Amino acid sequence: MESVVFYLCAFLMMVCCFLFIRGKKIVRRRHSNIFIFLILNMAITAVCGMISNYLEAIGPVEDSLFFVQYLTQIIWWVCHNTLAMGFALYTMMASGGGIRKSRTFFMMFYMPTILIEILVLLNPLTEWLFRYDAEMNYRRGPLVAVGYAIAFLYLIFGLYYMIHYRKSFSKSGNLALWVFCSFTALGVLIQYVLPQFKVEVFAEAFSLLGIMLTIENDDDMVDSTVRAYNRRGFLRDHAGCFGSGAKYALVIADFTNFGVYERMMDTASINKVYVHIVNFFRKLNDRLYVYRIAEHRFVLIVLYREEAELDRVWGRIRNKYSEPLDYDNNRLYLNLNLYVARIPEDFHDEEKILTLIDCPLDVETPGVRVIKGEELKYVDRYMNIVNALKRAIDEDRFEIYYQPVWSAETDRMISAEALLRLNDPVIGRISPAEFIPIAEKSGLIIQIGNIVFEKVCRFISGEDFPTLNLWDVDINLSLNQLLDGNCIEELEKMLKKYRIDPSLIVLELKIQNLRTGLQGVEDRMWEMMNMGIKFLLDDCNIGFSELEYLIGHHYRSIKADMRLLWNADLSESAKIILEDSISMIRELHIDIGQKGVETREQLERVLNAGAGFIQGFYFSEALPEKEFVEYVRNFRGNYVRDDIKDEENE
């Protein structure tokens, strides 16, 4: 009766697995359906094992009960012989190794199972696999070893995919497969050597339970809002696709203006739109998988056979969102950047593929823009700059240039803005406007920021800086740096290392970053200000929202955005807005400086409006350290003031 207990335990475990999966409503994938097949198969096997073993345990039975006993044993063999094949198939599909396999391959794959099933169906005539002796005791047949040999072959097959495509599984998934595969093999070995211990099905059921709790339980990979896999799910599935060497495509849908509608609609309505989008994607093709990798960005893995099939997929997306999206009494005019990348034709490097999905073009055009073919080459440029940044960090190739800041009140240079420059030995000079955003996206900005801190502190502590009579040095600080847990500690370390008065450091923050509402930004700023470090708001557009923010947060110094200044040269309206805005800021007792001053006319305009300090090419471009020192030492401010006075006299 011990065998009946083992089968009962196996059945109960499969019931738990089935109820768990049904209750979780997991995102269905091909290997998930195979897993459900294995559960149902195992449950039937366990039930048949309970019945046949119970009847065998109670002794010889009458003809009608013997028929039931024999029939359940046949069903046991039919079901159990497919378990090894099912496990191998599950491993192959879960790892991605089954993608693009031909029909011929699968025919050969199923052939051993078909062979053993034929032997099972012929067993009433041949008794090659099992028989009952005169006392109605179960006896193995001469070909039972064939079934074990076939199961062993499928096990080897599954192990190959576990090893070859191990990157397709998480660490816990890999460990689970190995542990439970070993447990199953141990159970099979025990029952083969000691037939009286029927623990094989129990071991297999226990293994399926373990796999369900690790591999199939992927809550952390599912976006609960849209019931689609998230970025982690994409990385897992893509590793299998890429590792298989299969031909597939990535279609990336990046909705660039969705944030506008999020501010206009409630959360429930926005989530319904997201679900609508995902459901539309799913209906495009039965050989694609949908992932939501960011708030407004979706990726489709398309297993296409012909180019026309892929063209139909992205073509339908383009046509759908070229028109307004009417949903739930809302009309949405969505801007969509649609990326179409064929693997391996367009990309054969996994790192570049991940760069493509994580770093889309920072552009927004009305309607739908399709980016494919040669337009995807921007990823190469991105990767080249990332490599250049890494080289610059490792080889200390970053240079700090200083652009002087002139004070209208003192008629001299009172400060300087530290600006980063990079001349890479491989790709040459790179504009900060290009490499700074890439440094932020790649996470390298933290290391680069620490390098800038140290170089500026070293300059301030040197023998030249005290002779320049400057009040301070401005250093640009990104939001990434401000939120980094080690930012304050690193800054304190540099100040102590070079014995710098914290008041000599002014950190410039873009006002757009401060208005993100991220928790902790203000707290970190106050912590730094308590150290003696000053802050200055950069690139202010001086609109109503900016003024409201400044009044509410008591900032004392800002730098006005240069774009309005340049527009004032072209438009009388822009000129009036610029002058009135500067004047208004001054009336709020906030010191305002103007960046980007290049001509005497611009200088006069902002000075007359009330700007207190000036930065721009009119005085000097950003200079290397030695040239900057010489420029400040030799600067004579009176000639500027005289020019202005001469023009006024005329």
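Can you tell me, using C-alpha contacts under 8 Å and at least 6 residues apart, the relative contact order of the chain as a whole percent? Once divided by the residue count of the chain, the mean separation gives 8 percent. Distance between the pseudo-spin-label points of PHE18 and LEU122 (7 Å out from Cα toward the beta carbon): 3.3 nm.
Working note: 222 nm ellipticity from helices only, DSSP H runs with n ≥ 4, each -39,500 (n - 2.57), summed and divided by the residues of the chain, gives -18500 deg cm²/dmol to the nearest 500. If you line up the long axis of helix 83-95 against the longest principal axis of the chain, both from Cα atoms, how many degrees apart are they, to the nearest 10? Here the helix axis deviates by roughly 10 degrees.
If R0 is 41 Å, what FRET efficiency do you get for LEU570 and TYR378 from their C-beta distance, rounded to 0.05? Could the numbers behind the result be given before it?
Values: r = 31 Å, r/R0 = 0.75.
Working from the Cβ atoms, E equals 0.85.
You can think of it this way: the chain between GLU309 and TYR333 has 5.9 nm of extra reach, that is 0.36 nm per residue less the Cα-Cα gap.
For LYS441, LYS496, LYS247, the ranking by accessible surface with the largest value first comes to LYS496, LYS441, LYS247, using a 1.4 Å probe. Across region 49-111, Cα-Cα pairs farther apart than 16 Å form 60% of the total. Electrostatic tally near SER415: other residues with Cβ closer than 12 Å to its Cβ, Lys and Arg +1, Asp and Glu -1, net -2. For LYS493, the lysines whose Cα falls under 20 Å of its own Cα, not counting residues fewer than eight places away in the same chain, are LYS455, LYS534.
Kirkwood hydrodynamic radius of region 337-409, from the reciprocal of the average inverse Cα-Cα distance over all distinct pairs: 15.2 Å. Restricting region 264-369 to GluC sites (Glu not before Pro) that sit in a DSSP loop and have at most 15 other Cβ atoms within 10 Å of their own Cβ leaves GLU295, GLU306, GLU345, GLU364. Looking at the square roots a ≥ b ≥ c of the eigenvalues of the Cα gyration tensor of the chain, which shape do they give, rounded for a/c under 1.5, prolate if a/b is larger than b/c, or oblate? Since a/c reaches 1.5 and a/b is larger than b/c, the shape of the chain is classed as prolate. Once the Cβ-Cβ distance of GLN447 and TRP178 is raised to the sixth power relative to R0 = 41 Å, the FRET efficiency obtained is 0.65. Give me the net charge of TYR165's neighbourhood, meaning all other residues with Cβ under 12 Å from the Cβ of TYR165; Lys, Arg count +1, Asp, Glu -1. Charge balance in the 12 Å sphere: +2.
Where in region 423-506 are there GluC sites (Glu not before Pro) that are in a DSSP coil and have at most 14 other Cβ atoms within 10 angstrom of their Cβ? Intermediate results must be reported in sequence, preceding the final value.
Working: sites: GLU434, GLU440, GLU454, GLU463, GLU489, GLU490, GLU492; in loops: GLU463.
Counting only loop positions with at most 14 other Cβ atoms within 10 Å, the GluC sites (Glu not before Pro) in region 423-506 are GLU463.
D by Stokes-Einstein for region 149-300, Kirkwood Rh over Cα pairs, 20 °C, 1.002 mPa s: 117 µm²/s. The alpha-carbon of LYS575 sits under 28 angstrom from the alpha-carbons of these lysines, leaving out residues fewer than 8 places away in its chain: LYS510, LYS559, LYS595, LYS645.
How far, in nm, would the chain grow between ARG166 and ASP286 when pulled straight, counting 0.36 nm per residue and subtracting the alpha carbon separation?
Details: separation 120, 0.36 × 120 = 43.20 nm, distance 2.62 nm.
Once the chain is fully extended between ARG166 and ASP286, it gains 40.6 nm.
Axis of helix 521-531 versus longest Cα principal axis of the chain: the two differ by about 50°, to the nearest ten degrees.
Using r as the Cβ-Cβ distance of PHE37 and ARG429, and R0 as 56 Å, what FRET efficiency do you calculate, to the nearest 0.05? Once the sixth-power term is evaluated, E becomes 0.40.
Computed over region 215-289, the range of Cα coordinates on each principal axis works out to 45, 26, 20 Å, biggest value leading. Between ASN257 and VAL275, the simple label model (points 7 Å from Cα in the Cβ direction) yields a spacing of 2.6 nm. Taking a straight Cα-Cα cut-off under 30 Å and skipping sequence neighbours fewer than 8 places away in the same chain, the lysines within cross-link reach of LYS171 are LYS24, LYS25, LYS101, LYS247, LYS352, LYS390, LYS441. Once the Cα atoms are used to define both axes, helix 544-553 deviates from the longest principal axis of the chain by about 90 degrees. Counting charges near HIS80 (Lys, Arg +1; Asp, Glu -1) among other residues having Cβ under 12 Å from its Cβ returns a value of -2.
The values are calculated or read from the model by the stated rules, or taken from the named source; none is laboratory data. Note that the coordinates shown come from a computational prediction; the quantities given were computed from them, not determined experimentally. Backbone-built Cβ (ideal geometry, glycine too); neighbour counts: all protein chains shown. Only protein heavy atoms, including side chains, enter the accessible area calculation; ligands, DNA and RNA are left aside. Shrake-Rupley method; radii C 1.70, N 1.55, O 1.52, S 1.80 Å.
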